[in-house]
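Peer 1: Structure below; questions to follow.
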Amino acid sequence: MALSVEKKTAAGFGATQLKQPVLHALGALDLSSEGIALLSEKGKITEINAQALRLLRCTLPESAGREFWDAVPEQVSDKHQASTGKALESSAQHVFLAHNKFEDNWLEYTFRHLSPGYVVNIRDVTAGQKLSLALEVSERHNKLIFEVNPNPMWVFDVASLCILAVNRAAVNFYGIARSTLLGLELGALFPDGEGASILRAIRAGGSSQWVPQLCKQKKKDGQLALVELACGRISWNGQGAVLVSVADVTERHLADRTLRRESAELEVALSNVQAELADATRDLTAFTYGLSNDLQGPLHAVNGFAAILTERYAAVLDEPGRHYVSRIQASTRQLAKLVDDLRTLVQLPQLSGLVETMDVAVLCGTLVDELRASEPGRVVAVEAEAGLMLTADRRLLVTALGCLLENAWKFTSKKPEGWIRVALLPGKTPGEKVLQVSDNGTGFDAAYASKIFTPFQRLHSSADFSGNGLGLAIVKRVAERHGGHVWAETGPTGASFFMSFPQHQA
C-alpha cells in the first residue's frame with residue numbers, strides 16, 4: 001500500500017538513490033533505542049532496524065521493498081493508514097498512538113518527510129500512557145467524591161476569587177442554583193465583608209490551611225448560618241485554586257449555648273446542695289459530739305454508784321440484788337461503747353492523719369496487750385509475723401485493726417484455746433495489699449455475709465455475745481477511705497475478715 005501522498009523530491013537527492021551521508025546513517029539504525037523505518041516516496045520500506053521489527057511484532061522474512069502498512073498489525077493499518085496519508089499531504093509530520101489490546105501496550109508512530117521518502121519513528125509509550133490514564137481516572141474519582149460529598153464544598157480561583165466549581169451539597173445549602181454560583185465573586189457569600197481576613201490568609205497560603213475557621217455564611221434568602229470553613233490549596237484543571245469545605249455548626253452552637261446555661265444552673269444547684277450537705281454534716285457532728293459528751297457524765301455516774309454498791313454493800317445485798325447491780329454495770333459499759341463507736345463512725349473523716357508505711361505486727365502487739373489487760377484470765381494465741389509492712393493512714397488503720405482484733409477476741413471467748421492470725425496477702429490488682437484477720441471463733445451464717453458490714457447489723461444475740469454492730473461498719477468505712485473494699489469468709493474453723501489497700505492510692 002502506498003502512503004497516498006504527493007511525490008516530492010529535494011535538491012541533491014535522486015529518485016532512486018540516497019547520498020552517501022544518509023547511507024552511513026542507515027548503518028547506525030540498529031544502535032537506536034527507538035524503532036526506525038525509512039520509507040520510499042511510495043511508502044515502501046527501504047531500511048528498518050531490529051527494534052522496529054520487534055515493536056511491530058513483524059514476522060516478514062524480508063521486509064525491504066514491502067509496503068510499510070503490511071508490516072504493522074492489521075488493526076493499526078485499518079485505522080490509521082488513510083488518515084496518515086491525508087495528514088502528510090498538508091503537514092511535514094504526523095503522530096498517532098496505537099493500542100494493542102491483546103498485549104495491553106501503546107506504540108507511538110511519528111511520520112516525517114525525508115526526501116525522497118519518509119522516516120517513521122516507533123516508540124513504546126505504555127508506561128507513560130498508563131500513568132496518564134491512571135491520572136485521568138484519579139481526577140474523575142476525585143471529582144465524583146467532590147460532587148457526592150455530604151458537606152457543602154466549592155472551589156475558587158486564587159487570582160480572581162471567582163467560584164470555579166460547587167458540589168450538590170453546596171447548592172442545597174446556599175439555596176442558589178449551580179449556574180449562579182459558578183463565576184460568583186466569593187465575597188458575595190460572606191455578610192458585610194466578614195470573610196476578608198479569611199480570604200487574605202488563604203491567598204497567603206500560610207499555616208492556616210485546613211484549620212477550621214469559624215465565620216458566617218449568607219444564603220439566598222438572606223438567612224445567616226454559622227459555619228466552620230476548612231480550606232486548602234489545590235490545582236483545579238491546571239490552575240491555582242482553593243478547595244473549601246463547609247460545616248454548618250449553627251445547631252451545635254445553639255446546643256453548646258444551651259448546655260452552658262444548663263451547666264451554670266447545675267453549678268448553682270450543686271453549690272446549694274453542697275452548702276446544705278455541709279450544714280447537715282456540721283449539725284450531725286455537733287449532735288454526735290454533744291450526745292457523747294452529755295451521756296458520758298451520767299454513764300460514769302451510774303457505773304460509779306453501781307461499783308460502790310458492789311464494794312460497800314455487798315454483805316447487805318442478797319444474790320438477786322448483786323445480779324441486778326452487775327446488770328446495771330454491763331448495760332452502762334455497753335452504752336458507753338455504743339456512744340464511742342457512734343462518735344468514731346461519724347467523725348471518721350476527721351480522724352484522718354498522715355499516710356505512712358508501718359509494720360502491722362507492731363500495731364497488733366499494742367492492741368492485743370490492751371485486750372489482754374481487759375481480760376487477764378483469757379489465754380488467746382495471736383500470730384502476726386514481723387515485717388508486715390503496709391502503707392496507709394496510721395490513725396484510721398489503728399481504728400480498723402482495733403475493731404477487727406476486738407471482734408476476733410470476742411467471738412473466741414467460748415473456745416478453750418482461741419487463736420487469732422494476722423497476715424498480709426497480695427491483692428488482685430498490681431500494688432494492692434490485703435489485710436487478713438482470722439480466728440477460730442464461732443463464725444457466722446454465710447447466707448448473711450453481705451450484711452455483716454452494715455451498721456447495727458448483728459448476727460448473734462446479745463445474750464451470747466455483746467456488741468452493737470458498729471465495729472465492722474467502721475472497718476468498711478476505713479477501707480473505702482483508702483480506695484479499697486472489705487469482705488468476709490466463714491467455715492467450720494472460724495471466720496476471716498479482709499481489707500484491701502491499693503498502695504498507689506494510699
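The values are calculated or read from the model by the stated rules, or taken from the named source; none is laboratory data. Please read all numbers here as calculations on a predicted model, not as lab measurements. Glycine also receives a Cβ, built like all others from the backbone with ideal geometry; neighbour counts cover every protein chain displayed. Surface areas here come from the heavy atoms of the whole protein model, side chains and all, with no ligands, DNA or RNA. Shrake-Rupley method; radii C 1.70, N 1.55, O 1.52, S 1.80 Å.
Peer 1: With r as the distance between the Cβ atoms of residue 185 and residue 151 and R0 = 25 Å, compute the FRET efficiency 1/(1 + (r/R0)^6) and round to 0.05.
Peer 2: With R0 = 25 Å, the Cβ-Cβ based efficiency is 0.65.
Peer 1: Going from most exposed to least, what order do 227, 355 have by accessible area with a 1.4 Å probe?
Peer 2: Ranking 227, 355 by accessible area, largest first, yields 355, 227.
Peer 1: Work out how much length residue 343 to residue 275 would gain on full extension: take 0.36 nm times their residue separation and subtract the Cα-Cα distance, in nm to one decimal.
Peer 2: 22.2 nm
Peer 1: Using the Karplus equation 6.51 cos²θ - 1.76 cosθ + 1.60 (θ = phi - 60°), what ³J(HN,Hα) coupling, rounded to whole Hz, does each residue of region 80-92 give in order, writing x for Gly and Pro?
Peer 2: 10, 4, 5, 5, 5, x, 5, 5, 6, 5, 10, 9, 7
Peer 1: For an R0 of 45 angstrom, estimate the FRET efficiency from the Cβ-Cβ distance between residue 91 and residue 162 and round to the nearest 0.05. Provide the component values of the computation, followed by the final result.
Peer 2: Details: r = 39 Å, r/R0 = 0.86.
Efficiency computed from Cβ-Cβ geometry: 0.70.
Peer 1: Sticking with this one: Compare the peptides 89-96, 238-245, 163-170, 326-333 by average per-residue count of other Cβ atoms within 10 angstrom and give them in order, highest first.
Peer 2: Highest mean packing first, the order is 163-170, 238-245, 326-333, 89-96.
Peer 1: Output the peptides 265-278, 103-116 sorted from most to least packed, where packing is the average of other Cβ atoms within 10 Å over each peptide's residues.
Peer 2: Numbers: 265-278: 10.0, 103-116: 16.6.
Top to bottom by mean Cβ count within 10 Å: 103-116, 265-278.
Peer 1: Okay, moving on. Pop out the Kirkwood hydrodynamic radius of region 54-191 from its pairwise C-alpha distances, inverse of mean 1/r, in Å to one decimal.
Peer 2: 19.6
Peer 1: Taking 0.36 nm per intervening residue step and subtracting the Cα-Cα distance, what contour gain separates residue 319 from residue 64 on full extension? It would help to have the intermediate numbers written out before the result.
Peer 2: On the way: separation 255, 0.36 × 255 = 91.80 nm, distance 14.90 nm.
Separation in residues times 0.36 nm, less the Cα-Cα distance, equals 76.9 nm.
Peer 1: Not counting ligands, DNA or RNA, and with a 1.4 Å probe, what is residue 358's accessible surface area in Å² rounded to the nearest 10?
Peer 2: Spelled out: residue 358, probe radius 1.4 Å, area about 10 Å².
Peer 1: If amide hydrogens are placed 1.01 Å from N in the peptide plane, which non-local residues have theirs closer than 5 Å to the one on residue 105?
Peer 2: The list, which skips near neighbours in sequence, is 100.
Peer 1: Starting from the 7 Å offset along Cα-to-Cβ, what nm value, one decimal, do you get for the label separation of residue 305 and residue 330?
Peer 2: 2.1
Peer 1: So, one more: What's the ranking of 404-410, 80-86, 151-157 by average number of surrounding C-beta atoms within 10 Å, highest first?
Peer 2: Going from most to least packed, we get 404-410, 151-157, 80-86.
Peer 1: Further question: Can you work out the FRET efficiency for the pair residue 220 and residue 264, with r the C-beta to C-beta distance and R0 = 45 Å, to the nearest 0.05? Don't jump to the answer; show the numbers that get you there.
Peer 2: Details: r = 37 Å, r/R0 = 0.82.
Calculated value: 0.75.
Peer 1: 7 Å from Cα along Cα→Cβ at both residue 489 and residue 369: what's the point-to-point distance in nm?
Peer 2: Those two pseudo-labels are separated by 3.3 nm.
Peer 1: Quick one: which residues, 5 or more positions from residue 441 or on another chain, have an amide H under 5 Å from its amide H? H modelled 1.01 Å from N in the peptide plane, none for Pro or chain starts.
Peer 2: So residue 441 has HN proximity to 495.
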